[in-house]
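First up is the structure itself, then whatever we jot down about it.
The values are calculated or read from the model by the stated rules, or taken from the named source; none is laboratory data. Everything quoted here is computed from the prediction, not taken from an experiment. FYI the Cβ positions are ideal-geometry reconstructions off the backbone, even for glycines, and counts take in every protein chain you see.
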Amino acid sequence: MRTVTVQASDGVTWRVRVVWEPRWRALARRFGGWRRRRKGDDGGPDLGGLDLSSGGHHGGGGGGGWSDLGDDIAVLIAVVIGLIVFGFVFWWLLLPLLLLVLDVVVVIVLLIVGVVARVLFRRPWIVEATGGSPGSPVTAEVVGWRAALRTRDEMAEKLRLGYRPEDLGLTAVKLA
């Protein structure tokens, strides 16, 4: 969003903007940060009761011998090379593309949900003017996007004309 910068008659530079960022402290308190891993979860793979102790050969006859050993080794080498090539292609090409698409989808969904929630719940936009004394921005909560832009322009014009922050005449002005 465009920030309006004005020079007051007393020489102070003010920056007036509509704030887009959420209230991070309230979100951090609500969700409590990262959760630790539960005790007893060793993180090892769950094989679902698969028994890997048998060597892969099951009893029974059927020949075989030295002639089949060369074919088995060739197939094994081809499978290992195929797995290595697939691993490189997946790691260096497919996984980054998949993560990029996933990031874009998440950003678009969050943007749509945020705008819809702000409109449906009529959450006020915060118009903020900073620059007077350090650490004390003047804020106004305004419902509606167009009203927030009008309030931003009104605050900037009044500050340019030399009004004190306390005398801006807005109903929702608070000194933070």
Report summary line: Checked pairs for region 83-97, first on the phi > 0 side of the Ramachandran plot and in contact (Cβ under 8 Å) with a residue 40 or more places away in the chain, second β-branched (Val, Ile, Thr) and not in a helix (DSSP H, G or I), C-beta under 6 Å and 6 or more apart or across chains, list as none
Report task. Report, by residue number, each residue of region 109-134 that is farther than 18 Å from Thr3 by Cβ, under 28 Å from the mean Cα position of the chain (by Cα) and at pLDDT below 90. Result -> Gly114, Val115, Val116, Ala117, Arg118, Val119, Leu120, Phe121, Arg122, Arg123, Pro124
Query - Pairs, first under 23 Å from Ala117 (Cβ atoms) in region 144-166, second part of a helix (DSSP H, G or I) and at pLDDT below 85, C-beta under 9 Å, six or more apart - result: Trp145/Arg118; Trp145/Val119
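Would you pick out the residues in region 1-14 that are of a type outside the set (Ser, Thr, Tyr) and either surrounded by fewer than 12 Cβ atoms within 10 Å (Cβ to Cβ) or within 21 Å of Arg146 (Cβ to Cβ) (or both)? Write out each step before concluding.
Here is the first cut: in region 1-14, the residues of a type outside the set (Ser, Thr, Tyr) are 1-2, 4, 6-8, 10-12, 14.
Within region 1-14, Met1, Arg2, Val4, Val6, Asp10, Gly11 meet the criteria.
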